[in-house]
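I have placed the structure first, in the form of C-alpha coordinates, so that the comments after it can refer back to it.
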Amino acid sequence: MDQEPSEHDELRELLQQQTTLTQFGEFALHSGSLDEILTEACRLIGTALGTDLAKVMEMREDGETLLVRAGVGWNPGVVGVVTLKVSDVTSEGHALKTGQPTASPDVSQETRFSYPAFLIEHGVQAIANVLIPGSNGRPPFGILQIDSRKPHPFTTDNLNFLRSYANLVAAAVDRLRVLDELHQRETRLDDSEARLGRAISAAGMGTWEWDPSGDKLHFFAGREALHRHDVGVQPSLPELQQVVHHEDWPGVAAALDRAFRDDQEGSLAAEFRVVLPDHTTRWLLVTGSVERTLAGTASCMAGFTQDITASRDAEERILYMAQHDGLTGLLNRRALHERLEIALLRSQRGEGCAILAIDLDRFKHVNDTLGHAVGDAVLCSVASRLLEITRETDVVARPGGDEFIVIQFGLHQPRDAEILATRIVALLSQPHEIGFEVSTGVSIGIALAPVNGTNVEQILLCADLALYVAKSDAKDRFRFFNPGM
(Lines give C-alpha, C1' and ligand atoms only; values in the text may rest on other atoms or scores of the structure.)
Protein backbone atom coordinates (compact mmCIF):
# COMPACT_ATOMS: atom_id res chain seq x y z
CA MET A 1 0.00 0.00 0.00
CA ASP A 2 1.42 3.38 -1.02
CA GLN A 3 2.33 5.90 1.61
CA GLU A 4 -0.59 8.26 2.18
CA PRO A 5 -0.21 11.93 3.15
CA SER A 6 -2.70 11.48 5.96
CA GLU A 7 -0.83 8.58 7.63
CA HIS A 8 -0.18 10.44 10.89
CA ASP A 9 -3.84 11.50 11.07
CA GLU A 10 -4.85 7.87 10.58
CA LEU A 11 -2.47 6.78 13.35
CA ARG A 12 -3.97 9.36 15.69
CA GLU A 13 -7.46 8.12 14.78
CA LEU A 14 -6.46 4.52 15.50
CA LEU A 15 -5.01 5.55 18.86
CA GLN A 16 -8.27 7.35 19.68
CA GLN A 17 -10.20 4.21 18.74
CA GLN A 18 -8.12 2.06 21.08
CA THR A 19 -8.61 4.64 23.84
CA THR A 20 -12.37 4.47 23.22
CA LEU A 21 -12.33 0.67 23.57
CA THR A 22 -10.42 0.97 26.85
CA GLN A 23 -12.69 3.70 28.22
CA PHE A 24 -15.82 1.71 27.42
CA GLY A 25 -14.38 -1.53 28.80
CA GLU A 26 -13.50 0.14 32.11
CA PHE A 27 -16.91 1.86 32.29
CA ALA A 28 -18.77 -1.39 31.59
CA LEU A 29 -16.87 -3.21 34.35
CA HIS A 30 -18.05 -0.70 36.97
CA SER A 31 -21.66 -0.13 35.87
CA GLY A 32 -24.60 -2.34 36.75
CA SER A 33 -27.15 -0.57 34.52
CA LEU A 34 -27.73 -1.80 30.96
CA ASP A 35 -29.29 1.51 29.85
CA GLU A 36 -26.36 3.40 31.34
CA ILE A 37 -23.83 1.16 29.60
CA LEU A 38 -25.59 1.33 26.21
CA THR A 39 -25.95 5.13 26.40
CA GLU A 40 -22.26 5.50 27.24
CA ALA A 41 -21.45 3.16 24.35
CA CYS A 42 -23.35 5.49 21.99
CA ARG A 43 -21.67 8.60 23.39
CA LEU A 44 -18.15 7.21 23.09
CA ILE A 45 -18.59 5.80 19.58
CA GLY A 46 -20.12 9.07 18.36
CA THR A 47 -17.17 11.00 19.74
CA ALA A 48 -14.64 8.56 18.28
CA LEU A 49 -16.10 8.72 14.76
CA GLY A 50 -17.03 12.40 14.85
CA THR A 51 -20.80 11.95 14.47
CA ASP A 52 -23.53 13.66 16.47
CA LEU A 53 -25.99 10.75 16.49
CA ALA A 54 -25.71 7.13 17.58
CA LYS A 55 -28.07 4.49 18.90
CA VAL A 56 -28.39 0.88 20.01
CA MET A 57 -31.38 -0.99 18.58
CA GLU A 58 -32.36 -4.05 20.62
CA MET A 59 -33.99 -7.06 19.00
CA ARG A 60 -37.36 -7.78 20.61
CA GLU A 61 -38.56 -11.26 21.54
CA ASP A 62 -40.49 -11.67 18.27
CA GLY A 63 -37.17 -11.64 16.37
CA GLU A 64 -38.61 -9.22 13.82
CA THR A 65 -38.70 -5.86 15.61
CA LEU A 66 -35.89 -3.55 16.70
CA LEU A 67 -36.44 -1.06 19.54
CA VAL A 68 -34.28 2.04 19.93
CA ARG A 69 -33.06 1.05 23.41
CA ALA A 70 -30.42 3.78 23.89
CA GLY A 71 -28.95 6.68 21.97
CA VAL A 72 -27.44 10.16 21.95
CA GLY A 73 -28.45 13.22 19.95
CA TRP A 74 -32.07 12.18 19.33
CA ASN A 75 -35.18 14.23 20.04
CA PRO A 76 -37.56 13.10 22.82
CA GLY A 77 -39.88 10.33 21.70
CA VAL A 78 -37.20 8.26 19.94
CA VAL A 79 -35.20 6.38 22.59
CA GLY A 80 -37.36 3.72 24.22
CA VAL A 81 -40.25 4.42 21.86
CA VAL A 82 -39.40 4.04 18.17
CA THR A 83 -39.43 0.55 16.70
CA LEU A 84 -38.42 -0.75 13.28
CA LYS A 85 -39.53 -3.87 11.44
CA VAL A 86 -36.59 -5.88 10.16
CA SER A 87 -36.63 -6.58 6.42
CA ASP A 88 -34.25 -7.13 3.52
CA VAL A 89 -34.81 -3.57 2.28
CA THR A 90 -33.44 -1.99 5.47
CA SER A 91 -29.75 -1.56 6.24
CA GLU A 92 -30.41 -2.96 9.72
CA GLY A 93 -31.94 -6.10 8.24
CA HIS A 94 -28.97 -6.52 5.92
CA ALA A 95 -26.52 -6.29 8.83
CA LEU A 96 -28.54 -8.82 10.84
CA LYS A 97 -28.77 -11.20 7.89
CA THR A 98 -25.12 -11.08 6.81
CA GLY A 99 -23.45 -10.40 10.15
CA GLN A 100 -21.20 -7.89 8.41
CA PRO A 101 -20.97 -4.12 9.01
CA THR A 102 -23.15 -2.14 6.58
CA ALA A 103 -22.30 1.44 5.64
CA SER A 104 -24.16 4.07 3.62
CA PRO A 105 -21.75 7.04 3.31
CA ASP A 106 -24.44 9.17 1.61
CA VAL A 107 -28.07 8.02 1.97
CA SER A 108 -29.20 10.36 -0.79
CA GLN A 109 -27.17 8.22 -3.20
CA GLU A 110 -28.16 4.91 -1.58
CA THR A 111 -30.22 2.56 -3.79
CA ARG A 112 -30.02 -0.64 -1.74
CA PHE A 113 -32.08 0.33 1.28
CA SER A 114 -35.03 2.37 2.46
CA TYR A 115 -34.91 4.43 5.67
CA PRO A 116 -37.55 5.14 8.34
CA ALA A 117 -39.09 8.60 8.56
CA PHE A 118 -37.57 9.49 11.93
CA LEU A 119 -34.05 9.27 10.45
CA ILE A 120 -34.94 11.66 7.63
CA GLU A 121 -36.64 14.00 10.12
CA HIS A 122 -33.37 14.16 12.10
CA GLY A 123 -31.42 15.08 8.96
CA VAL A 124 -29.44 11.84 8.84
CA GLN A 125 -27.27 11.69 5.72
CA ALA A 126 -24.92 8.80 6.49
CA ILE A 127 -25.40 5.52 8.41
CA ALA A 128 -23.24 2.60 9.51
CA ASN A 129 -24.71 -0.54 11.11
CA VAL A 130 -22.86 -3.29 12.94
CA LEU A 131 -24.25 -6.42 14.58
CA ILE A 132 -24.12 -6.77 18.39
CA PRO A 133 -23.81 -10.58 18.60
CA GLY A 134 -25.33 -12.84 21.20
CA SER A 135 -23.29 -15.26 23.30
CA ASN A 136 -23.35 -19.01 23.84
CA GLY A 137 -25.73 -19.67 20.96
CA ARG A 138 -28.11 -16.83 21.84
CA PRO A 139 -29.59 -14.67 19.04
CA PRO A 140 -28.03 -11.26 18.33
CA PHE A 141 -28.70 -8.57 20.92
CA GLY A 142 -29.35 -6.06 18.17
CA ILE A 143 -27.65 -3.36 16.11
CA LEU A 144 -25.20 -0.57 16.94
CA GLN A 145 -25.98 2.24 14.49
CA ILE A 146 -23.87 5.34 13.85
CA ASP A 147 -25.73 8.24 12.22
CA SER A 148 -24.32 11.44 10.80
CA ARG A 149 -26.07 14.62 9.69
CA LYS A 150 -23.51 14.97 6.91
CA PRO A 151 -21.97 12.42 4.52
CA HIS A 152 -19.34 10.26 6.23
CA PRO A 153 -16.80 8.01 4.42
CA PHE A 154 -16.88 5.14 6.99
CA THR A 155 -13.50 3.69 6.02
CA THR A 156 -12.51 0.04 6.30
CA ASP A 157 -10.63 0.86 9.53
CA ASN A 158 -13.82 2.56 10.83
CA LEU A 159 -15.86 -0.58 10.11
CA ASN A 160 -13.25 -2.92 11.64
CA PHE A 161 -13.21 -0.69 14.71
CA LEU A 162 -17.03 -0.75 14.87
CA ARG A 163 -17.00 -4.55 14.76
CA SER A 164 -14.49 -4.73 17.65
CA TYR A 165 -16.49 -2.14 19.56
CA ALA A 166 -19.77 -4.02 19.02
CA ASN A 167 -18.15 -7.24 20.29
CA LEU A 168 -17.05 -5.37 23.40
CA VAL A 169 -20.63 -4.07 23.86
CA ALA A 170 -21.86 -7.67 23.49
CA ALA A 171 -19.44 -8.83 26.22
CA ALA A 172 -20.68 -6.06 28.53
CA VAL A 173 -24.32 -7.03 27.87
CA ASP A 174 -23.51 -10.68 28.53
CA ARG A 175 -21.76 -9.81 31.80
CA LEU A 176 -24.86 -7.95 33.01
CA ARG A 177 -27.03 -10.86 31.94
CA VAL A 178 -24.91 -13.22 34.03
CA LEU A 179 -24.97 -10.88 37.01
CA ASP A 180 -28.71 -10.36 36.62
CA GLU A 181 -29.28 -14.11 36.57
CA LEU A 182 -27.22 -14.46 39.74
CA HIS A 183 -29.15 -11.62 41.36
CA GLN A 184 -32.47 -13.19 40.43
CA ARG A 185 -31.32 -16.47 41.92
CA GLU A 186 -30.33 -14.75 45.16
CA THR A 187 -33.69 -12.96 45.31
CA ARG A 188 -35.57 -16.22 44.97
CA LEU A 189 -33.68 -17.55 47.98
CA ASP A 190 -35.71 -15.18 50.18
CA ASP A 191 -39.05 -16.76 49.21
CA SER A 192 -39.04 -19.27 52.02
CA GLU A 193 -36.74 -21.11 54.40
CA ALA A 194 -37.87 -24.47 53.03
CA ARG A 195 -36.81 -23.59 49.47
CA LEU A 196 -33.50 -22.01 50.47
CA GLY A 197 -31.31 -25.10 50.10
CA ARG A 198 -32.75 -26.14 46.71
CA ALA A 199 -32.49 -22.63 45.25
CA ILE A 200 -28.91 -22.17 46.45
CA SER A 201 -27.82 -25.49 44.96
CA ALA A 202 -29.49 -24.68 41.63
CA ALA A 203 -27.68 -21.34 41.53
CA GLY A 204 -24.27 -22.86 42.26
CA MET A 205 -24.22 -21.45 45.79
CA GLY A 206 -23.74 -22.99 49.21
CA THR A 207 -23.95 -22.23 52.92
CA TRP A 208 -21.29 -23.22 55.38
CA GLU A 209 -20.15 -22.95 58.99
CA TRP A 210 -16.69 -23.43 60.42
CA ASP A 211 -16.00 -24.51 63.99
CA PRO A 212 -12.43 -23.33 64.71
CA SER A 213 -12.18 -25.30 67.93
CA GLY A 214 -12.56 -28.60 66.12
CA ASP A 215 -11.25 -27.31 62.77
CA LYS A 216 -14.29 -28.68 60.94
CA LEU A 217 -16.32 -27.19 58.09
CA HIS A 218 -20.05 -28.00 58.05
CA PHE A 219 -21.87 -27.73 54.71
CA PHE A 220 -25.63 -27.23 54.98
CA ALA A 221 -26.35 -26.64 51.25
CA GLY A 222 -24.46 -26.52 48.02
CA ARG A 223 -21.46 -28.61 49.15
CA GLU A 224 -20.94 -29.82 45.55
CA ALA A 225 -20.73 -26.23 44.31
CA LEU A 226 -17.78 -25.57 46.63
CA HIS A 227 -15.36 -28.25 45.69
CA ARG A 228 -16.91 -31.39 44.07
CA HIS A 229 -14.21 -33.51 45.66
CA ASP A 230 -14.41 -36.70 47.68
CA VAL A 231 -13.67 -35.02 51.00
CA GLY A 232 -15.76 -35.55 54.07
CA VAL A 233 -19.03 -33.81 54.83
CA GLN A 234 -17.08 -32.07 57.59
CA PRO A 235 -13.60 -31.56 56.10
CA SER A 236 -10.78 -29.96 58.01
CA LEU A 237 -9.02 -26.83 56.79
CA PRO A 238 -5.97 -28.83 55.55
CA GLU A 239 -8.32 -31.05 53.52
CA LEU A 240 -9.97 -27.99 52.00
CA GLN A 241 -6.53 -26.56 51.17
CA GLN A 242 -5.91 -29.51 48.88
CA VAL A 243 -8.65 -28.40 46.46
CA VAL A 244 -7.90 -24.65 46.47
CA HIS A 245 -5.54 -23.54 43.69
CA HIS A 246 -2.04 -23.36 45.15
CA GLU A 247 -1.56 -19.77 43.94
CA ASP A 248 -4.74 -18.65 45.74
CA TRP A 249 -4.39 -20.43 49.07
CA PRO A 250 -2.06 -17.85 50.70
CA GLY A 251 -4.71 -15.17 50.05
CA VAL A 252 -7.47 -17.37 51.48
CA ALA A 253 -5.42 -18.11 54.59
CA ALA A 254 -4.62 -14.43 55.05
CA ALA A 255 -8.32 -13.50 54.71
CA LEU A 256 -9.26 -16.06 57.37
CA ASP A 257 -6.52 -14.76 59.67
CA ARG A 258 -7.73 -11.17 59.32
CA ALA A 259 -11.31 -12.21 60.02
CA PHE A 260 -10.35 -13.92 63.27
CA ARG A 261 -8.20 -11.17 64.70
CA ASP A 262 -9.71 -9.62 67.81
CA ASP A 263 -9.24 -6.11 66.47
CA GLN A 264 -11.10 -6.81 63.24
CA GLU A 265 -14.85 -6.69 62.57
CA GLY A 266 -14.73 -10.36 61.66
CA SER A 267 -15.97 -10.32 58.08
CA LEU A 268 -14.62 -12.54 55.33
CA ALA A 269 -14.70 -12.00 51.57
CA ALA A 270 -12.42 -13.96 49.27
CA GLU A 271 -12.38 -14.92 45.62
CA PHE A 272 -10.33 -17.95 44.64
CA ARG A 273 -10.10 -20.91 42.31
CA VAL A 274 -10.78 -24.53 43.13
CA VAL A 275 -9.31 -27.37 41.07
CA LEU A 276 -11.79 -30.10 40.14
CA PRO A 277 -10.88 -33.79 39.72
CA ASP A 278 -10.80 -33.35 35.93
CA HIS A 279 -8.19 -30.56 36.46
CA THR A 280 -10.56 -27.79 35.37
CA THR A 281 -10.94 -24.75 37.62
CA ARG A 282 -13.91 -22.79 38.92
CA TRP A 283 -13.98 -19.35 40.55
CA LEU A 284 -15.72 -19.07 43.92
CA LEU A 285 -16.75 -16.10 46.01
CA VAL A 286 -16.80 -16.96 49.71
CA THR A 287 -18.29 -14.50 52.21
CA GLY A 288 -18.84 -14.93 55.91
CA SER A 289 -18.75 -13.38 59.35
CA VAL A 290 -17.29 -14.39 62.69
CA GLU A 291 -19.47 -14.94 65.76
CA ARG A 292 -17.80 -14.18 69.08
CA THR A 293 -18.49 -14.98 72.71
CA LEU A 294 -19.07 -12.22 75.26
CA ALA A 295 -15.39 -12.47 76.06
CA GLY A 296 -14.58 -11.70 72.42
CA THR A 297 -13.35 -15.17 71.53
CA ALA A 298 -14.27 -16.42 68.05
CA SER A 299 -16.80 -19.24 68.39
CA CYS A 300 -17.61 -19.91 64.74
CA MET A 301 -17.74 -18.45 61.24
CA ALA A 302 -20.65 -18.85 58.82
CA GLY A 303 -21.44 -17.63 55.35
CA PHE A 304 -22.12 -18.32 51.68
CA THR A 305 -20.20 -19.65 48.70
CA GLN A 306 -21.06 -18.70 45.15
CA ASP A 307 -19.75 -19.94 41.81
CA ILE A 308 -18.74 -16.75 39.96
CA THR A 309 -16.95 -18.42 37.06
CA ALA A 310 -19.34 -17.00 34.44
CA SER A 311 -18.94 -13.45 35.76
CA ARG A 312 -15.14 -13.73 35.88
CA ASP A 313 -15.10 -15.15 32.36
CA ALA A 314 -17.19 -12.20 31.10
CA GLU A 315 -14.82 -9.72 32.77
CA GLU A 316 -11.82 -11.48 31.27
CA ARG A 317 -13.47 -11.29 27.84
CA ILE A 318 -13.89 -7.53 28.20
CA LEU A 319 -10.28 -7.09 29.28
CA TYR A 320 -9.08 -9.35 26.45
CA MET A 321 -11.04 -7.49 23.80
CA ALA A 322 -9.77 -4.14 25.07
CA GLN A 323 -6.21 -5.29 24.28
CA HIS A 324 -6.67 -7.34 21.11
CA ASP A 325 -7.53 -6.66 17.49
CA GLY A 326 -11.08 -7.82 16.80
CA LEU A 327 -10.24 -9.25 13.35
CA THR A 328 -6.95 -11.13 13.80
CA GLY A 329 -6.82 -11.66 17.56
CA LEU A 330 -3.35 -10.08 17.68
CA LEU A 331 -2.42 -7.44 20.24
CA ASN A 332 -3.79 -4.00 19.34
CA ARG A 333 -2.01 -0.63 19.38
CA ARG A 334 -2.60 0.02 23.10
CA ALA A 335 -1.24 -3.38 24.14
CA LEU A 336 1.67 -3.01 21.71
CA HIS A 337 2.74 0.24 23.40
CA GLU A 338 2.64 -1.49 26.79
CA ARG A 339 4.82 -4.36 25.51
CA LEU A 340 7.20 -1.89 23.89
CA GLU A 341 7.65 -0.05 27.18
CA ILE A 342 8.71 -3.34 28.77
CA ALA A 343 10.96 -4.26 25.85
CA LEU A 344 12.75 -0.90 25.94
CA LEU A 345 13.34 -1.14 29.68
CA ARG A 346 14.83 -4.59 29.21
CA SER A 347 16.99 -3.34 26.33
CA GLN A 348 18.54 -0.70 28.59
CA ARG A 349 19.48 -3.47 31.00
CA GLY A 350 21.41 -5.35 28.34
CA GLU A 351 18.76 -7.43 26.55
CA GLY A 352 18.60 -6.05 23.02
CA CYS A 353 15.49 -6.26 20.88
CA ALA A 354 14.40 -5.47 17.33
CA ILE A 355 11.20 -3.77 16.24
CA LEU A 356 10.04 -4.90 12.79
CA ALA A 357 7.41 -2.66 11.16
CA ILE A 358 5.67 -4.75 8.49
CA ASP A 359 3.44 -3.39 5.73
CA LEU A 360 1.73 -5.41 3.00
CA ASP A 361 2.45 -4.46 -0.60
CA ARG A 362 -0.44 -4.42 -3.09
CA PHE A 363 -2.98 -4.86 -0.29
CA LYS A 364 -5.02 -1.85 -1.40
CA HIS A 365 -5.36 -3.48 -4.80
CA VAL A 366 -6.70 -6.65 -3.13
CA ASN A 367 -9.32 -4.66 -1.21
CA ASP A 368 -10.33 -2.60 -4.24
CA THR A 369 -10.62 -5.50 -6.68
CA LEU A 370 -11.63 -8.48 -4.53
CA GLY A 371 -13.49 -6.79 -1.67
CA HIS A 372 -12.94 -6.21 2.01
CA ALA A 373 -14.00 -9.74 2.99
CA VAL A 374 -11.09 -11.14 0.99
CA GLY A 375 -8.84 -8.44 2.44
CA ASP A 376 -9.87 -9.47 5.96
CA ALA A 377 -9.08 -13.11 5.13
CA VAL A 378 -5.61 -12.09 3.90
CA LEU A 379 -4.96 -10.12 7.11
CA CYS A 380 -5.93 -13.16 9.19
CA SER A 381 -3.63 -15.35 7.07
CA VAL A 382 -0.76 -12.91 7.60
CA ALA A 383 -1.38 -12.89 11.36
CA SER A 384 -1.34 -16.68 11.45
CA ARG A 385 1.92 -16.86 9.51
CA LEU A 386 3.61 -14.29 11.72
CA LEU A 387 2.63 -16.25 14.84
CA GLU A 388 3.94 -19.39 13.19
CA ILE A 389 7.34 -17.94 12.31
CA THR A 390 8.03 -16.04 15.56
CA ARG A 391 8.82 -17.42 19.01
CA GLU A 392 6.44 -17.48 21.95
CA THR A 393 8.67 -14.93 23.67
CA ASP A 394 8.28 -12.46 20.77
CA VAL A 395 5.33 -10.08 20.37
CA VAL A 396 3.14 -9.84 17.27
CA ALA A 397 0.66 -6.96 17.02
CA ARG A 398 -1.64 -5.32 14.49
CA PRO A 399 -1.86 -1.58 15.19
CA GLY A 400 -4.35 -1.16 12.34
CA GLY A 401 -4.94 -1.43 8.60
CA ASP A 402 -2.39 -3.67 6.87
CA GLU A 403 0.36 -2.76 9.34
CA PHE A 404 1.89 -5.32 11.69
CA ILE A 405 4.61 -5.01 14.32
CA VAL A 406 6.93 -7.74 15.62
CA ILE A 407 9.06 -7.23 18.73
CA GLN A 408 11.97 -9.69 18.61
CA PHE A 409 13.39 -10.27 22.09
CA GLY A 410 16.79 -11.69 23.01
CA LEU A 411 18.62 -9.96 20.15
CA HIS A 412 22.35 -10.70 20.29
CA GLN A 413 23.34 -9.09 17.00
CA PRO A 414 21.62 -7.32 14.05
CA ARG A 415 22.06 -10.52 12.07
CA ASP A 416 19.33 -12.11 14.23
CA ALA A 417 16.81 -9.52 13.06
CA GLU A 418 18.03 -9.88 9.46
CA ILE A 419 17.41 -13.64 9.58
CA LEU A 420 13.88 -13.17 10.94
CA ALA A 421 13.05 -10.43 8.40
CA THR A 422 14.30 -12.64 5.55
CA ARG A 423 12.04 -15.49 6.71
CA ILE A 424 9.05 -13.15 7.05
CA VAL A 425 9.54 -11.73 3.54
CA ALA A 426 9.79 -15.25 2.12
CA LEU A 427 6.74 -16.53 3.98
CA LEU A 428 4.45 -13.54 3.39
CA SER A 429 5.38 -13.38 -0.30
CA GLN A 430 3.82 -16.81 -0.81
CA PRO A 431 0.19 -16.76 -2.05
CA HIS A 432 -2.56 -16.86 0.58
CA GLU A 433 -4.99 -19.75 0.09
CA ILE A 434 -8.51 -18.55 0.96
CA GLY A 435 -10.51 -20.71 -1.41
CA PHE A 436 -8.36 -19.30 -4.18
CA GLU A 437 -4.86 -17.86 -4.22
CA VAL A 438 -4.26 -14.20 -3.37
CA SER A 439 -0.76 -12.75 -3.62
CA THR A 440 0.65 -9.78 -1.76
CA GLY A 441 4.15 -8.63 -1.02
CA VAL A 442 5.69 -7.25 2.11
CA SER A 443 8.10 -4.47 3.12
CA ILE A 444 9.79 -4.32 6.51
CA GLY A 445 11.51 -1.54 8.42
CA ILE A 446 13.75 -2.55 11.33
CA ALA A 447 14.84 -0.52 14.34
CA LEU A 448 17.12 -1.82 17.09
CA ALA A 449 16.83 -1.02 20.78
CA PRO A 450 18.46 0.61 22.58
CA VAL A 451 20.69 1.74 19.67
CA ASN A 452 17.93 3.52 17.69
CA GLY A 453 15.75 4.69 20.57
CA THR A 454 14.81 4.31 24.21
CA ASN A 455 11.17 5.41 24.15
CA VAL A 456 8.12 4.09 22.30
CA GLU A 457 7.54 7.06 19.98
CA GLN A 458 11.20 7.27 18.99
CA ILE A 459 11.69 3.58 18.23
CA LEU A 460 8.43 3.34 16.24
CA LEU A 461 9.38 6.42 14.23
CA CYS A 462 12.73 4.85 13.37
CA ALA A 463 11.05 1.62 12.29
CA ASP A 464 8.51 3.58 10.20
CA LEU A 465 11.28 5.56 8.48
CA ALA A 466 13.11 2.35 7.62
CA LEU A 467 9.83 0.90 6.33
CA TYR A 468 9.28 3.96 4.15
CA VAL A 469 12.72 3.52 2.59
CA ALA A 470 12.11 -0.21 2.06
CA LYS A 471 8.83 0.51 0.24
CA SER A 472 10.46 3.25 -1.83
CA ASP A 473 13.41 1.09 -2.90
CA ALA A 474 11.44 -1.92 -4.06
CA LYS A 475 8.84 -4.38 -2.94
CA ASP A 476 9.45 -7.53 -0.91
CA ARG A 477 12.49 -6.29 0.97
CA PHE A 478 13.57 -4.93 4.36
CA ARG A 479 15.74 -2.08 5.57
CA PHE A 480 17.46 -1.31 8.87
CA PHE A 481 17.11 2.21 10.22
CA ASN A 482 20.15 4.45 9.99
CA PRO A 483 20.44 8.11 11.02
CA GLY A 484 20.93 9.16 7.40
CA MET A 485 17.35 8.30 6.47
Selection from the range 316-350 of residues that are outside any loop (DSSP other than H, G, I, E, B) and basic (Lys, Arg): Arg317, Arg333, Arg334, Arg339, Arg346
Long-range neighbours under 8 Å by Cβ, at least six apart or interchain, first residue more than 13 Å from Arg177 (Cβ to Cβ) within the range 27-43, second assigned to a loop (DSSP other than H, G, I, E, B): Glu40/Ser31
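When only residues in the range 34-84 that are basic (Lys, Arg) and under 25 Å from Phe154 (Cα atoms) count, which is surrounded by the most Cβ atoms within 10 Å (Cβ to Cβ)?
Applying the first criterion (basic (Lys, Arg)) to the range 34-84 yields 43, 55, 60, 69.
If we keep only those that are under 25 Å from Phe154 (Cα atoms) too, we end up with 43, 55, 69.
On the way: Arg43: 17, Lys55: 27, Arg69: 20.
Checking each candidate, the answer is Lys55.
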Only one of Arg423, Arg415 that is free of Cβ contacts under 8 Å to residues at least 12 places away in the same chain and part of a helix (DSSP H, G or I): Arg415
The lone exception for Val382 - which of (1) in contact with a His (Cβ under 8 Å, 6 or more places away or on another chain); (2) more than 23 Å from Lys471 (Cα to Cα); (3) of a type outside the set (Gly, Ala, Ser) it fails: (2)
First in the range 75-92 and outside the structural domain of Ile127 (by TED's automatic domain parsing) and in contact (Cβ under 8 Å) with a residue 60 or more places away in the chain, second anywhere and of a type in the set (Phe, Trp, Tyr) and not in a loop (DSSP other than H, G, I, E, B), Cβ under 8 Å, 6 or more apart: none
Residues of the range 353-383 satisfying the condition of being under 22 Å from Ala463 (Cα atoms), small (Gly, Ala, Ser) and out of contact with any helix residue (DSSP H, G or I) (no Cβ under 9 Å at 6 or more places or on another chain): Ala383
Flag for Gly329 being surrounded by fewer than 21 Cβ atoms within 10 Å (Cβ to Cβ) and among the small types (Gly, Ala, Ser): yes
Any hit, the range 135-155, residues being small (Gly, Ala, Ser) and part of a helix (DSSP H, G or I): no
Asp402, sole failed condition from (1) touching a strand residue (DSSP E or B) at 6+ places or on another chain (Cβ under 6 Å); (2) at pLDDT 95 or above: (2)
Residue match in the range 437-456 (condition: part of a helix (DSSP H, G or I), more than 30 Å from the chain's Cα centre (by Cα), at negative phi and in the same structural domain as Gly371 (by TED's automatic domain parsing)): no
Selection status of Ser311, surrounded by 21 or more Cβ atoms within 10 Å (Cβ to Cβ) and in contact (Cβ under 8 Å) with a residue 24 or more places away in the chain: no
Of residues in the range 371-412 being outside any strand (DSSP E or B) and acidic (Asp, Glu), the one nearest to Asp361 (Cα to Cα): Asp402
Top-ranked residue in the range 351-370 [being in a helix (DSSP H, G or I) and among the β-branched types (Val, Ile, Thr); ranked as nearest to Leu428 (Cα to Cα)]: Val366
The range 426-436 - residue that is touching a strand residue (DSSP E or B) at 6+ places or on another chain (Cβ under 8 Å) and part of a loop (DSSP other than H, G, I, E, B) and, of those, farthest from Gly371 (Cα to Cα): Ser429
Residue match in the range 153-163 (condition: among the aliphatic types (A, V, I, L, M), surrounded by 21 or more Cβ atoms within 10 Å (Cβ to Cβ), modelled with pLDDT of 90 or more and outside the structural domain of Pro399 (by TED's automatic domain parsing)): yes
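The values are calculated or read from the model by the stated rules, or taken from the named source; none is laboratory data. The shown structure was predicted, so the numbers you read here are calculated from the model rather than taken from an experiment. No Cβ is skipped: glycine too gets one built from the backbone with ideal geometry, and neighbour counts run over all protein chains shown.
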